[in-house]
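Down below is the structure, laid out as structure tokens.
The values are calculated or read from the model by the stated rules, or taken from the named source; none is laboratory data. Worth saying up front: this structure is predicted, and the values here are computed from it rather than measured. Counting neighbours? That spans all protein chains shown, and the Cβs are built from the backbone with ideal geometry, glycine included.
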Amino acid sequence: MNKINLVVFSLILLTGCTYKPKMIRYYDQDCGVMSKHLVLEKGQLQVLARGEQCEDEDCARMALAHALGSAFSGPITAIIAGSIVVAGNTVYWLQRQMTCN
């Protein structure tokens with residue numbers, strides 16, 4: 001029963017969420033210029049390719065290590081990418097204020 005729990009736990013965590021900033025360019029009609037805006041984009045880390053299976057203990061250990069790592073990478077990437085988005089949007093807002101006025 002212990003191995004089954006370990007396998008189920010690792011399968012749940014095999015794909016972890018990550019976040020990254022994504023730049024969106026658009027035409028600002030009020031200013032008449034191209035402008036930029038950053039948003040958070042959600043992605044996933046995949047340890048195993050689709051249809052691939054672990055058949056030995058080394059593969060299972062590696063998959064579990066990746067799964068545990070991806071469980072922690074979501075909040076960390078959200079904090080880092082979120083900070084980049086806030087800082088970037090602040091700069092873009094300041095640029096807009098300077099060019100439109």
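Quick rundown of the values:
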| quantity | calculated |
| --- | --- |
| Residue ID - farthest from residue 40 (Cα to Cα), chosen from residues in the stretch 85-101 that are surrounded by 15 or more Cβ atoms within 10 Å (Cβ to Cβ) and in contact (Cβ under 8 Å) with a residue 60 or more places away in the chain | 96 |
| Top-ranked residue in the stretch 15-56 [being at pLDDT below 85 and in contact with a Lys or Arg (Cβ under 8 Å, 6 or more places away or on another chain); ranked as nearest to residue 97 (Cα to Cα)] | 31 |
| Inter-residue pairs, beta-carbon under 7 Å, first closer than 10 Å to residue 17 by Cα and in the stretch 67-81, second hydrophobic (A, V, I, L, M, F, W, C) and at pLDDT 70 or above, 6+ apart | 74/17 |
